[in-house]
Amino acid sequence: MMSRIRFKKQIISYFCITVLAITSTTLLITNLSTPAEAGPDFFGRIQRFFVGSRPQGVASGRPRGGARRDRCPNVSDPLIAIVPFDKDNNLFVEKTISDRPTFWFYVPYLPTARRKAEFVIVDENEEDVYAATFPLSQQSGIVSLQLPETAPALKEGKKYQWVFSVICNPLNRSGDATVNGWIEKVPSSESLSAKLKTASPEQLVAIYADEGLWNESITSLASFGKANTQNENFRSSWAALQKQIGLTEISSSDWVTYALPDPNQPSRNTSQSQPLPSLIPLEAILDGLKDEP
């Protein structure tokens, strides 16, 4: 009888140990999966664009204006293109799925300087795809340039060079503060399109960054921050991004958007003035990105 009782106790002990082991394993797996619920690491993903290499290699370009020949006012930080570059300041050919991507820059010049800027996109044959001149009428700091719906759509598989210049002396354009780089339109996969349709604004940043889409990544990050100004993840990531591109004077979490002029207006080579570009909400830009195939 005693041996049977001992045997039953052993069975119960083994059963309890097994249950505890299974429960502990379940809790461990659950704990390992919970960090994703805390939200994506914005800057961790953004920083990946600046490290390592790209299959297509580097491209010619200039991420910072401010050469000695520039005739613009002296500023602490020069004109800067907010684009990834490697340790040698070489730019990459950035990918986009947008027909008309948004471009981002740091513009140090105050509107009182009454400067005009020029933004140009050319194809691989150096033919103008889009060109416009407009006044820098808004506050200095981080700005985004949004192409108008009437601008020609970028074509899949094609590379384009963009050039952004602040015209410091209209009579001598060699003194412009200028930055330039490259972008390539790539197709969107079915899986990516499906993710974008159901993603939250916070998830969009991670999705675009994981796909290696720079312009969409920073635009979605800015849009998320616009609606969540007190979000510490965004605020710290936005400041870290500015340090990453070399800014010494960190701007606030705010920025301005220039809606670029219609390409059917007088060309950049005429003396006619163009109307002030209007402000458009970044949320509208983001919605346009999600709706594209």
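The values are calculated or read from the model by the stated rules, or taken from the named source; none is laboratory data. A quick note: this is a predicted structure, and the numbers were derived from the prediction, not measured. All Cβ positions, even for glycine, are placed from backbone atoms using ideal geometry, and neighbour counts span all protein chains on display.
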Seminar exercise, completed: By my count, strands (runs of 3 or more DSSP E) wholly in the stretch 114-210 with at least 2 residues that are touching a Gly at 6+ places or on another chain (Cβ under 9 Å) are 159-167, 177-185
Exercise. Which ones in the stretch 93-121 are under 22 Å from PRO187 (Cα atoms) and of a type in the set (Gly, Ala, Ser)?
Worked result: SER98
Problem set entry | Filtered residues of the stretch 142-171 (kept if under 22 Å from the mean Cα position of the chain (by Cα) and surrounded by fewer than 19 Cβ atoms within 10 Å (Cβ to Cβ)) | PRO148, GLU149, PRO152, ALA153, LYS155, GLU156, GLY157, LYS158, LYS159, VAL163
Exercise. Are any residues in the stretch 214-254 charged (D, E, K, R), assigned to a helix (DSSP H, G or I) and either under 14 Å from the mean Cα position of the chain (by Cα) or within 17 Å of GLN139 (Cβ to Cβ) (or both), and if so, which ones?
Worked result: GLU216, LYS226
Seminar exercise, completed: So, first residue closer than 15 Å to PRO108 by Cβ in the stretch 233-254, second residue modelled with pLDDT of 85 or more and exposed (fewer than 15 other Cβ atoms within 10 Å of the Cβ), Cβ within less than 9 Å, six or more apart or across chains; the pairs are ILE250/LYS243
Exercise. Only one of these conditions is not met by SER165: (1) in contact with a helix residue (DSSP H, G or I) (Cβ under 7 Å, 6 or more places away or on another chain); (2) of a type in the set (Gly, Ala, Ser); (3) within 26 Å of TYR130 (Cβ to Cβ). Which number is it?
Worked result: (1)
For this session: Could you pull out the residue among SER200, SER174, SER188 that is among the small types (Gly, Ala, Ser) and surrounded by 13 or more Cβ atoms within 10 Å (Cβ to Cβ)?
Result: SER188
